[in-house]
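The values are calculated or read from the model by the stated rules, or taken from the named source; none is laboratory data. These numbers come from a predicted model, not from an experiment. Methodologically, a virtual Cβ is constructed for each residue, glycine included, from the backbone with ideal geometry; neighbour enumeration extends over all protein chains shown.
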Amino acid sequence: MNPKLLLNLALGILAAIGGFVDIGDLVFNTAAGATFGYQLMWVIPIGVLGIIVYSEMCGRVAAVSKKAVFDAVRERVGFKAGLGALVASEVVNLMTLAAELGGVAISLQLLSGLPYRVLLVFAIVGLALVLWIVKLEWMERIFGYGGLCMLVFAVAAVKLGPNWAQFGKGLIPHISQNNPWLYLYFAIGLLGAAMTPYEVYFYSSGGVEDRWTPKDLGLNRANAIVGYSLGGLLSLALMIVGAAVFLRHGINPEHLGTIALGAEQPLGKIGLLFAIVGILFAVGGASIDTVFSGAYNLAQFLGWEWGRYRNAAGAPRFFLTWIVLLVCALGIVMTGVDPVMLTEYAVIFSAVALPLTYIPILLVANDRDYMGANTNGPLANTLGMIYLVLIMVIAIAAVPLMIITNVGQN
Amino acid sequence: MARTHLGHNILDHQLLDKDGRRCGNVDDLAIEDAEVVAIYSGPGYWPQRAGRLGRLAGWIGGSGRVRVPWEEVTKVDSAVHLRRTAPEYGLGKGDDRLRPFVERIPGANR
């Protein structure tokens, strides 16, 4: 393998680790650990494998057919159902974006002590400037590497000396006898957070923009498998910290700042600082992914010119869409809605929208006319079908469980 | 490409002009004697595709309609490729109208 390719691969993987964890993962993994200890560990690998399977498929479709997700959605399910899928995904995306932006402002507040709403405006203007000035390649790297500060949670998890026997037990799928509805609610939240649809929108559109060809399929596979697996380890670490710090002391981490304290307890002030900076970059990077995803989806569905490699004058409607989305998200968080609460709703509703995203991808990836020799093989199809069934079950169960558990409050 | 048959999957595909510019989607087809004679593109065709939601979307989109004769299609792969530039058909108007405003922002042409 030539050194340049190896370097690109390493950079891509690093960015993927830093980029995997967003506010949904932070909230659900820590809360699951704080409520059920190690009992929900087994859900994380299932979620990670799911996102690997579908990201790889999306990346392959992008490389071979030059189609991003919402191109495929419209083409495969038609205008009417596709329009429904578009509206649902845009609503969920906007909620997620608002939550991530709230997270950015909270992190900045923890670092500076300035008022939350002032920081919200500062965060939005700052992000708009970054989106305008910085090349996407560098954006991904800056936020991906900054997000690597989150590895402090892995160090904290090891330092806390987790109970390995319980950890091992937690990796075996089971249902808790103690409050099973809440347990299932968290299981669905963890899966929803790991398989958030915006990740595949962004990933596939990025593949089309980077002009991937079938030659890049190895890079695609390596990025998806290694990046998401390592990102999944961070999720495990967050759950361990949740169990070892918060469950032990009977704390419910309802604030992002509380989650950062999980790193302070074993590692002191420096741990806290790394945690806050890591969270800042992770949610900042996720804001960029979600705002672009919203613009990608709309532009792809309607056939507009899109892409950040086209300058703003080359793709005016795309540019205007992400500006409007940022302003709408600002309006939502300025009302004072709690970003953690908003995250929970966003993750649960995104679980409902999952099938609309993944079914068309599976269909295109099986279309020999487009995909030729790179059509789904038996492994991708078996896993794809298993996850499709799982996603359908999640989509049906998500809202009832949210109601039964009063959004995880009981 | 003078002839095509209905089995060919073109509905809801991306339209690309001769410079590779994305300039709309195939929103509907004109069919005569089981043969596609023209492509319809624009928000004005959405109501007939998606009922109430389509009417609302079409109204928001400005109800524009463009007819492109099938003779203008040079290639169909994962997109439908056209012989000339988008403005010659009246396609991609939304982007063209906004461009003068966007271009005033420093850095818009980088």
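Rundown of residues vs (1) at pLDDT 90 or above; (2) under 20 Å from the mean Cα position of the chain (by Cα), yes/no style:
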| position | (1), (2) |
| --- | --- |
| A:PHE349 | yes, yes |
| A:ILE361 | yes, yes |
| A:ASP369 | no, no |
| A:PRO378 | yes, no |
| A:LEU390 | yes, yes |
| A:PRO400 | yes, no |
Do you know which of the residues in segment B:43-67 that are at the interface with chain A (Cβ under 10 Å from one of its Cβ atoms) and in contact (Cβ under 8 Å) with a residue 12 or more places away in the chain is surrounded by the fewest Cβ atoms within 10 Å (Cβ to Cβ)? B:GLN48
Please enumerate the residues belonging to segment A:298-354 that are crowded, with 23+ Cβ neighbours inside 10 Å, of a type in the set (S, T, N, Q) and away from chain B (no Cβ under 14 Å). A:THR343, A:SER350
Looking for something under 27 Å from A:LEU83 (Cα atoms), exposed (fewer than 15 other Cβ atoms within 10 Å of the Cβ) and not hydrophobic (A, V, I, L, M, F, W, C) - is there at least one such residue anywhere in segment B:81-88? yes
The condition of being in contact (Cβ under 8 Å) with a residue 24 or more places away in the chain, farther than 20 Å from A:LEU171 by Cα and of a type in the set (A, V, I, L, M) holds, among A:LEU219, A:LEU236, only for A:LEU219
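Here's the yes/no breakdown for (1) at pLDDT 95 or above; (2) touching a Cys at 6+ places or on another chain (Cβ under 9 Å); (3) part of a helix (DSSP H, G or I):
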{"site": "A:ALA282", "(1), (2), (3)": "no, yes, yes"}
{"site": "A:ILE288", "(1), (2), (3)": "no, no, yes"}
{"site": "A:LEU298", "(1), (2), (3)": "yes, no, yes"}
{"site": "A:ARG308", "(1), (2), (3)": "no, no, no"}
{"site": "A:ASN311", "(1), (2), (3)": "no, no, no"}
{"site": "A:VAL324", "(1), (2), (3)": "yes, no, yes"}
Every listed condition ((1) loosely packed, with under 14 Cβ neighbours inside 10 Å; (2) under 16 Å from B:ARG22 (Cβ atoms)) holds for B:GLY107 save (2)
Residue satisfying all of: in segment A:374-385; without any contact (Cβ under 8 Å) to a residue 60 or more places away in the chain and assigned to a helix (DSSP H, G or I); surrounded by the most Cβ atoms within 10 Å (Cβ to Cβ) among these: A:ASN381
So A:LEU86 fits all but one of (1) more than 20 Å from A:TRP322 (Cβ to Cβ); (2) touching a Phe, Trp or Tyr at 6+ places or on another chain (Cβ under 9 Å); (3) within 14 Å of chain B (Cβ to nearest Cβ); what number is the exception? (1)
Among the residues of segment B:1-35, which ones are outside any loop (DSSP other than H, G, I, E, B), more than 8 Å from chain A (Cβ to nearest Cβ) and at pLDDT 90 or above? B:LEU16, B:ASP28, B:LEU29, B:ALA30, B:ILE31, B:GLU32
Any hit, segment A:41-56, residues being away from chain B (no Cβ under 14 Å) and part of a loop (DSSP other than H, G, I, E, B): yes
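Rundown of residues vs (1) in contact (Cβ under 8 Å) with a residue 24 or more places away in the chain; (2) over 30 Å from B:LEU98 (Cα atoms), yes/no style:
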position	(1), (2)
A:PHE318	no, no
A:ASN366	no, yes
A:TYR387	yes, yes
A:ALA397	yes, yes
A:VAL407	yes, yes
Of everything in segment B:69-87 that's under 15 Å from the mean Cα position of the chain (by Cα) and without any contact (Cβ under 8 Å) to a residue 60 or more places away in the chain, which residue is nearest to A:ALA313 (Cα to Cα)? B:PRO87
Residue under question is A:ALA244, and the condition is that it be of a type outside the set (Lys, Arg), at pLDDT below 95 and closer than 15 Å to A:ALA193 by Cβ; does it hold? no
Flag for A:PRO253 being free of Cβ contacts under 8 Å to residues at least 12 places away in the same chain and touching a Leu at 6+ places or on another chain (Cβ under 9 Å): no
Out of all the residues in segment A:250-269, is one or more modelled with pLDDT of 95 or more, within 14 Å of chain B (Cβ to nearest Cβ) and surrounded by fewer than 24 Cβ atoms within 10 Å (Cβ to Cβ)? no
Any idea which of (1) in contact (Cβ under 8 Å) with a residue 12 or more places away in the chain; (2) more than 30 Å from B:ASP95 (Cα to Cα) is the one A:THR335 doesn't satisfy? (1)
Quick one: B:PHE101 ticks every box in (1) closer than 22 Å to A:PHE301 by Cβ; (2) part of a helix (DSSP H, G or I) except a single one, so which number is it? (1)
